[in-house]
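Let me begin by presenting the structure, written as structure tokens, before commenting on it.
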Amino acid sequence: AFNVNNGDVWRWSELWPRIARWFELDSAPPVRLSFHQLFNDYRGVWRELAEERLAEADPRPSHDPLRCLMQHHYLEVKGVADGLRAFEIARREVPELTLSLFGARSHDVAAADRRLGFVPPAEVGRVYLDHDVFIWPSRREGYGLPPVEAMACRCAVVTTDNGGSEEFAVPDETA
């Protein structure tokens, strides 16, 4: 997993050996376990829960034209410029597509049709439900909660292969 602090990117797998050395302890290499592997035995339980909850939910409205959503971030590693370029390519094929950006500095981006600014946590679900496609262009992620939130709101997710998306965007199952 990655953590970002003051724009510096570092890996937990690199940090633990340093901490162990400081305490004069041995450290073992990290064991890579995926969410998919850990909870594979619970697949039936998850499927039942999802079917039950989706049956209770109101039908998700689709919008015409399709509404796309992307989170804005100032760090280059989040891939916002890549996402904007990809959206423009898609818009050449489907000119009626719209793009909304959310995030503290999204008001500075002229390319978006709607700039939502900071969205309070209590309103995030409503924002996902108001859109059809969530674009997640990050170059590196440890997990990436926003696309999982979007999927929980039945918003289609377009993501890069960024290291964290493989946990929830499983080919032929969830993606």
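The values are calculated or read from the model by the stated rules, or taken from the named source; none is laboratory data. In this text the structure is predicted, and so the values were computed from the model without any measurement. Here Cβ is always computed from backbone atoms with ideal geometry, including for glycine, and neighbour counts include all displayed protein chains. Each accessible area value is taken on the protein alone, full model and side chains, heavy atoms only, with ligands, DNA and RNA left out. Shrake-Rupley method; radii C 1.70, N 1.55, O 1.52, S 1.80 Å.
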Any chance H73 is at pLDDT below 90, at negative phi, surrounded by 14 or more Cβ atoms within 10 Å (Cβ to Cβ) and in a loop (DSSP other than H, G, I, E, B)
yes
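Going by what's in this entry, would A90 be described as under 30 Å from E51 (Cα atoms), in a helix (DSSP H, G or I) and among the aliphatic types (A, V, I, L, M)? Steps first, answer last, please.
Working: under 30 Å from E51 (Cα atoms): no; in a helix (DSSP H, G or I): yes; among the aliphatic types (A, V, I, L, M): yes.
It is false that A90 is under 30 Å from E51 (Cα atoms), in a helix (DSSP H, G or I) and among the aliphatic types (A, V, I, L, M).
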Just give me the residues in the stretch 100-119 being open to solvent by 10 Å² or more (accessible area, probe 1.4 Å), at pLDDT 85 or above and not in a loop (DSSP other than H, G, I, E, B), in sequence order.
F102, R114, R115, L116
In this structure, is A169 within 30 Å of E14 (Cβ to Cβ) and either of a type in the set (S, T, N, Q) or in a loop (DSSP other than H, G, I, E, B) (or both)?
yes
Sole residue being out of contact with any strand residue (DSSP E or B) (no Cβ under 6 Å at 6 or more places or on another chain) and surrounded by 12 or more Cβ atoms within 10 Å (Cβ to Cβ), chosen from A86, A122:
A86
Would it be correct to say that E96 is open to solvent by less than 80 Å² (accessible area, probe 1.4 Å), among the acidic types (D, E) and without any contact (Cβ under 8 Å) to a residue 40 or more places away in the chain?
no
Examine the stretch 148-168 for a residue that is open to solvent by 40 Å² or more (accessible area, probe 1.4 Å) and at positive phi, and state whether such a residue exists.
yes
With respect to S62, is the statement that it is farther than 17 Å from V148 by Cα, at pLDDT 70 or above, of a type in the set (G, A, S) and buried (at least 17 other Cβ atoms within 10 Å of the Cβ) true?
no
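Is it the case, given these coordinates, that V127 is hydrophobic (A, V, I, L, M, F, W, C) and assigned to a loop (DSSP other than H, G, I, E, B)?
Numbers: hydrophobic (A, V, I, L, M, F, W, C): yes; assigned to a loop (DSSP other than H, G, I, E, B): no.
Taking the combined requirement at face value, the residue does not satisfy it.
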For G163: the one exception among (1) in contact with a Lys or Arg (Cβ under 8 Å, 6 or more places away or on another chain); (2) assigned to a helix (DSSP H, G or I):
(2)
Among (1) open to solvent by less than 20 Å² (accessible area, probe 1.4 Å); (2) closer than 13 Å to K78 by Cα; (3) touching a Lys or Arg at 6+ places or on another chain (Cβ under 6 Å), where does D132 come up short?
(2)
